[in-house]
Each structure stands twice: as C-alpha cells, then as structure tokens.
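Novice: One structure, pasted below without further comment.
Each reported figure results from applying straightforward, stated rules to the coordinates on display, with no laboratory input. Note that the structure is a prediction, hence the values are computed from the model and not measured. Neighbour counts are summed over all protein chains in view; Cβ atoms, including those assigned to glycine, are modelled from backbone coordinates with ideal geometry.
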Amino acid sequence: MKLNLYQFLSAAIIFVYIGTFFSCVSANENKENPTPPNIVFIMSDDHGYQAISAYGHGLNNTPNIDRIAQEGALFTRSTVTNSICAPSRAVMLTGMHSFVNGKVDNVQPFNWDQPNFPKILQANGYQTAMIGKIHLDGLPQGFDYSMVLPGQGHYYNPDFIVNGERKRFPGYVTQITTDYALKWLDEMRDKDKPFCLLYHQKAPHRNWKPEEKYLTLFDDIEFTPPANYYDDYAGRGTAAHEQEMEIDGHARWGHDFKMLVNPDGDTTRLARQLKRFTPEQKEKWLAAYTPKNEAMKAANLSGKELAEWKFNRYIKDYLRTIQSVDDGVGEVLDYLDENGLGENTIVVYTSDQGFYLGEHGWFDKRFMYEESFRTPLLMRYPKEIKAGTKIDALVQNLDFAPTFLDYAGIQAPEEMQGESFRDVVSGATETWRDAVYYTYYEYPSVHMVKRHYGVSTDRYKLIHFYYDIDEWELYDLEKDPNEMNSVYGDPAYKEVEQMMHARLDSIRQYYGDSDANDQRYLKAYLDHRAKR
Ligand code: SGN
Ligand code: CA
C-alpha cells in the first residue's frame, strides 16, 4: 500500500497520539503503583528529645540526626503508650497497646507468634533485618536476618545473637551495630527486593559508657541543671515523692558516676564491669576518668555542689554515648545517599521512650510526665515529605506499624490499633486524633514508679495512680508545662476535670482497656515475681 503525503501525515499524527496516550497511561500507572519504599527504622534506647539539637534545647550537637528533620519532618508531640523498653518495642512491632499485645512490663514474656509489621512486609516481598537492641526474649520473628543483643547488652565487647547463635564481638557496641547495619545493606541483602532495616542502638541506655574517642568530650564544659532539678514534689502526689530515680539520691557511685571506690572505701560495680574491657580499652578509660575522679575527691564536695557534680558526671556520659549514635546515623545516611537510595527510602529516627535529664531531679523514665512520655521522632522521605516540615499531631509509637504498612501499600490487619500518619506528615490531611492513652505497669520494681494510666490532649493530662495508692493528678500543660502542680480538685478546673474523666473513660473503652485488665496484669506480675 502506497500512502500519499496527506495520508502519511495523518497516520504519523495518529501514531504519535496513540504513543503519547499509552506513555501517559503507563506514567500514571507508575504513579499509582510506585516501587515500594525501603524503610530504615532507627531506634535508640532512652534518648530524650532534649538531647537532640534539632529540638533546640542547646545541650549538645547531633548534626546527623538533625539532618533527618532538615531534609524531612520533626515531630514535636510524639509519645509512647508505655514508657519502658521492652513494652515500647512490643507496641512498635505489633501496633497494639501493651494490654492487647500482652507485653506490659520488662519481666513478663513476649509472644512473637502474633502479627508484627516486619512479618507482614516480609510476606509481601520485603527483605527484613533487625540489628541491635530489641530486648524481647526469643528468636525475633519477621526477619530474614537478625543480630540482637541478649537483654540489655554490653557497651564494650558485646555478645550478639546472630540468627539464633550467640557470639562475642570485640569493640564498642554502637559502632558494631552501625558496621553490621551497613554490611547488611551493602553485602547481605537481596538487592532485587525492597528492604526494611531495624537499626536499633543500645545507647544511650544506663550506665552510659562512652566510646574511647569521646571519653573526654565536654570535659571543659560545666552544664547547668534544669530549673526544677531541686524539685521537692510539693505540688504532686505520693508517686512523685516515692520514686527512686533521683540523680542526687538513687544513682550509684560506681555504676552511674564511674568511681572505682565508694566513699566508704569499697570497690564499686564499675570496678567489676571493667573486667570485660581489653587492657587497651581499660587503660584509655582509666586515663580519662582517674584525674577527674581524683580532682572530685580532693574538692570534698557536699550539698548543692555535690548534687551539681553528680548532674554533670551523669549528663556528660549520657551525651557522650549519644555522640556515637549520631556518628552512626551519619554513616547510614551517607550510605543511602551515595548509593542512590536516598529518594526511595523512609528514614525514621526515634527512641523507645524519652528520659529525664535532671528534670525533677531525675534520670530514668516510666512516668507519664512529659520528658519520658514524649519520645523524639524525625523522619525523612523526600518523595512525600517536604524538607523542614514540623508536625504537632499527637502521634504515638502505636502508629509505626500501620504507617509503614501504608507506605508499602499494604492494608494493616484489623487488630492493629494505631493509625497511619502518612497523610499527616505529607500534609494531605490535618485530621488526626486529639487525645492519646497511656499505661504503665512495672511496679514494684527498680526505680519504684507506681502503676498508672492516663489520657492526654494537647493541653490537659489526667493520670490515675493505682494498686497501693488511689490518686489522681491533672495538669494544665499550657500554664504548667513542667508539671509542677497538679490541679486535680482545684475548683477552677472542675469542668476540665469532668471533661478529662469523660475522655479517659471513652478512650479506655475505645482501645478495650479496663480495671479488669489492670487487675489481671497485676496478678500475673505478682505471680511472676513470687516465682523468681
Ligand atoms: C535496668 C537499669 C534501670 C532501667 C531498667 C529498664 N538498671 O534495670 O535503670 O530503668 O534497666 O530500662 S541497670 O543497673 O541495669 O543499668 S529499659 O530501657 O530496659 O526499660
Ligand atoms: Ca529504654
């Protein structure tokens, strides 16, 4: 068949038109079915938001962690549902509250057989790995590769359980965790599949042993304790008075303050801990601490001076361990960016809970008061999150599992109680919950924080302490952001009090919690302790 010029041009136009039509369709299809994003979920242990420079508290510099927020989002009101390690991790994995997933405290067992988000990602074609601290007994389920610390793990020369087998690794835990995260990303995973890596640091957990290169960092600085360091708990109930987490009262000479002998001349727990070090590590450690310890002894401190020395010793070691965490984050971000993975990888930085950095005179966590209830959250995903985003929504660790599944295009199972915050962080919606629920169970136990539960809105917080007391506290976070005075029973707050009681009843009902649950878990805890 011969075409004249007119016919030829018409055919060419139709051809180009059809071609363009199909190429548009396939582009649109691609938009709706993009390559599933990779996930790098970074969690540290006990990292209070006050010790991340992006939060603006001026304590330290964490340029690498900050980068996640500069290139993505910073969450200002992210909280946990239960401020203690293992329960927080169980919530993070399952997307269910403690009283539903069953891991209510650090001592009772965790059931790995229940659904968790890595299992679901794995079943949907993801390669998954868990490297670092998970603090849940039993072989982790849902991971193609797992390398986890047994229990709390050690800072120096730690053991790891690699796919079920225990081995010792020479070196410093934070660097080893980073090295293996990078090794898995670069050499061990199946590069044809999307991946989800849980890269979970032990630091800055107690007892804050710094890496060799940071042993003298901050030596030339004097930190001022927070304004409420000398809190006498006058405005609060029995629970705040009876805790055992005061820096100047409960922290220990050796374990916490790195002295080799107690004031009474006895060798401390630190002296025993140093047996794990190599001679070179021990030499560097002693070279750094001995002169500081000698100077402290010679100064013969007491009262406020001693309390401030203790604060400084604590905060410096705590911040030193964070410096190594920040270095690791930098190494992982650089790896992603240098290997073309930056665009399609969601990077999250968070902690299993917040921490007291001298506020109320405390270290540790557990309370529903702000510093331990909140937890840092920073997130980068250039495809959907604008650089420099700030999110005030009341998100919780309960939301991670459904959020990650949402990004992967997978429907979250019905039993998951969290919500996906994908559309909140992208700016697609402003609709979000206006109250969050909290429970804490581990009592009587180390640090003696009483059992409690509560509800918080952006302005008010109602807490009920129970078991060996029956006390309520109510805080107006706008007027009293440091929670120094409970206004429960104050006539000026009568209506707020009623409103918050109603909120608490309805949120307990919504998530399926009850006094019967509290009693059941209390009994299980006491039985468990009696057996030990
Ligand atoms: C250990 C710590 C406590 C800490 C708990 C729970 N003591 O018992 O200070 O509160 O862990 O922490 S230590 O002497 O072992 O350092 S958690 O992060 O694992 O929940
Ligand atoms: Ca923790």
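Novice: Antiparallel as a % of all DSSP beta bridges within the chain, to the nearest 5? Spell out each step's value before the answer.
Specialist: Details: 33 of 59 bridges.
Approximately 55 percent, going by the DSSP bridge assignments.
Novice: With charges only on Cβ, +1 for K and R and -1 for D and E, what is the dipole size of segment 452-531 about its Cα centre, in debye, rounded to 20? If you can, show how the numbers build up before the last one.
Specialist: Details: 10 positive and 17 negative charges, 84 e Å.
Value, rounded to 20: 400 debye.
Novice: Beyond a 18 Å Cα-Cα separation, which of these cross-linked pairs lie in this structure: K213/K310; K213/K282; K450/K523?
Specialist: Numbers: K213/K310 22 Å; K213/K282 13 Å; K450/K523 15 Å.
Going by Cα-Cα distance, K213/K310 fall outside the 18 Å limit.
Novice: So, one more: Measure out, as a whole number of angstrom, how far apart the alpha-carbon centroids of segment 177-231 and segment 354-395 sit.
Specialist: 16 Å
Novice: Under the rule of -39500 (n - 2.57) per DSSP H run of 4 or more residues, summed and divided by the residues of the chain, what mean residue ellipticity at 222 nm is obtained, to the nearest 500 deg cm²/dmol?
Specialist: On the way: 15 runs with 187 residues, N = 532.
Dividing the helical sum by the residues of the chain leaves -11000 deg cm²/dmol.
Novice: Please list, in order, the residues from segment 138-177 whose amide nitrogen is less than 20 Å from a point placed 7 Å along the Cα→Cβ vector of K282.
Specialist: Correct set: 154-159, 168-173.
Novice: Can you give me the span-like helices of the chain, meaning DSSP H runs with 27 Å or more of Cα extent along the axis and Kyte-Doolittle mean at or above -1.0?
Specialist: Details: long enough: 5-32 (40 Å, 0.75); 279-299 (29 Å, -1.17); 303-338 (53 Å, -0.70).
TM-like helix candidates: 5-32, 303-338.
Novice: Further question: Taking +1 at the Cβ of each Lys and Arg and -1 at the Cβ of each Asp and Glu, which of Q498, I463, Y511 sits farthest along the dipole of segment 452-531 towards its positive end, judged by Cα position relative to the Cα centre?
Specialist: The residue sitting farthest along the positive end of the dipole is Y511.
Novice: Sorted from fewest to most neighbouring beta carbons within 10 Å, what does the list Y233, Y407, Y199, Y475 look like? All intermediate terms of the calculation are to be shown ahead of the outcome.
Specialist: Values: Y233 16, Y407 19, Y199 26, Y475 29.
Lowest count first: Y233, Y407, Y199, Y475.
Novice: Same structure, new question: Please work out whether segment 320-397 counts as rounded, prolate or oblate from its C-alpha gyration tensor, where a ≥ b ≥ c are the square roots of the eigenvalues and a/c under 1.5 means rounded, while otherwise a/b larger than b/c means prolate and anything else oblate? Please report the intermediate quantities before stating the final value.
Specialist: Numbers: a/c = 3.38, a/b = 1.67, b/c = 2.02.
Oblate, since a/c reaches 1.5 and b/c is not below a/b.
Novice: Right, next: Ignoring the sites themselves, what is the longest stretch of the chain with no GluC sites (Glu not before Pro) in a DSSP loop and at most 10 other beta-carbon atoms within 10 Å? Could you put the intermediate results ahead of the total?
Specialist: Values: sites that count: E222, E414, E430, E478.
Within the chain, the longest run free of exposed GluC sites (Glu not before Pro) spans 1-221.
Novice: Place a +1 charge on the Cβ of each Lys and Arg in the chain and a -1 charge on the Cβ of each Asp and Glu, then give the dipole magnitude about the Cα centre in debye, rounded to the nearest 20. Please report the intermediate quantities before stating the final value.
Specialist: Details: 57 positive and 77 negative charges, 281 e Å.
Result for the chain is approximately 1340 debye, rounded to the nearest 20.
Novice: For the residues W362, W472, W309, what sequence is obtained by ranking on other C-beta atoms within 10 Å, fewest first? The partial results should precede the final answer.
Specialist: Numbers: W362 31, W472 19, W309 16.
In order of increasing Cβ crowding within 10 Å: W309, W472, W362.
Novice: Something else about it: Taking the Cα centre as origin and putting +1 on Lys and Arg beta-carbons and -1 on Asp and Glu beta-carbons, what dipole magnitude results for segment 180-335, to the nearest 20 debye?
Specialist: So the magnitude is around 520 debye.
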